[in-house]
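Notes for the one structure printed next.
The values are calculated or read from the model by the stated rules, or taken from the named source; none is laboratory data. In this text, all values refer to a predicted model and were calculated from it rather than measured experimentally. Cβ coordinates were reconstructed from backbone atoms using ideal geometry, including for glycine residues, and neighbour counts include every protein chain displayed.
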C-alpha cells in the first residue's frame, strides 16, 4: 500500500512538472510573438521586383541593369569620344601662349638690381662681383659671383678673404658657397659673405680683398661696398 502511494505521488509530480513546462512554453511563445509581430524580414532576393500596387518600383527599390546593356552603353560612349576629338588651339594662339610664358620666366629670372650694384673687379681673367647686399637675421649679407676666364685654374681659401671698414679695421666675416677651386672654363659660381650687424655701427661702406692660394698671384679687391642696414 505504501509503495502504491509513492508511485501515485511520483506520477502526480511528473504530471504537474510537464503541465508547468507546457504553460511556460506557451506563455513565452505568446510574449515573443507579440514582441515581434511588427518586425518583418527584408526581401533580399535579387530577382524580385519591388513593385507597388500600380506596377511601378517602390521608393528605395534597386533596379538591376543587364550587363549587356552596360557594355553597349560604354562602347557607344567610347566611339562618340573618338568621333569628336578635342579641337586643337590655333597655331597663332599657341605662339602667343609660348611668348607670354617666356616673358614671365624672363621677368622672374631678371630681378631688379639694387642701386649701386653690381660692384665688380677682375685680375688675370678671374672676376669677382658683389651682386647685392642686405641685412637678414642679424647679419649683413653680400651675394658674390665668381668667374674664371683665364688660362689656368685658381684655388682659393675662405680664410684668405679679408673684409675691412673705412678705417681699414678688419671685420669678422664668414663665407657660404664660395668655391675653393675655380676652373678656367668661364663657369659662374655664387656664394655669400656675412658680417654680424653689431660690428657695423657707423660703418657706411666696406672693402673686400681675396688672393689665390698658394701662389697669391691673383689679387681681387673691391672697395666702396655700401652698407645699408
More than 18 Å from residue 121 (Cβ to Cβ), at pLDDT 95 or above and out of contact with any helix residue (DSSP H, G or I) (no Cβ under 9 Å at 6 or more places or on another chain): which single residue out of 194, 207 fits that description?
194
Assuming residue 198 fulfils every condition listed in (1) under 17 Å from residue 117 (Cα atoms); (2) part of a helix (DSSP H, G or I) apart from one, which condition is it?
(1)
Only one residue in 47, 55 is exposed (fewer than 10 other Cβ atoms within 10 Å of the Cβ), on the phi > 0 side of the Ramachandran plot and either assigned to a loop (DSSP other than H, G, I, E, B) or modelled with pLDDT under 55 (or both), so which one is that?
55
Checking residue 134 against (1) at pLDDT below 95; (2) surrounded by 14 or more Cβ atoms within 10 Å (Cβ to Cβ); (3) part of a strand (DSSP E or B): exactly one of these is not met. Which one?
(2)
Please indicate, with yes or no, whether at least one residue in region 163-173 is closer than 17 Å to residue 221 by Cα, free of Cβ contacts under 8 Å to residues at least 60 places away in the same chain, touching a helix residue (DSSP H, G or I) at 6+ places or on another chain (Cβ under 8 Å) and surrounded by 12 or more Cβ atoms within 10 Å (Cβ to Cβ).
yes
In region 201-229, what residues are closer than 30 Å to residue 151 by Cβ and assigned to a loop (DSSP other than H, G, I, E, B)?
212, 213, 214, 215, 216, 217, 218
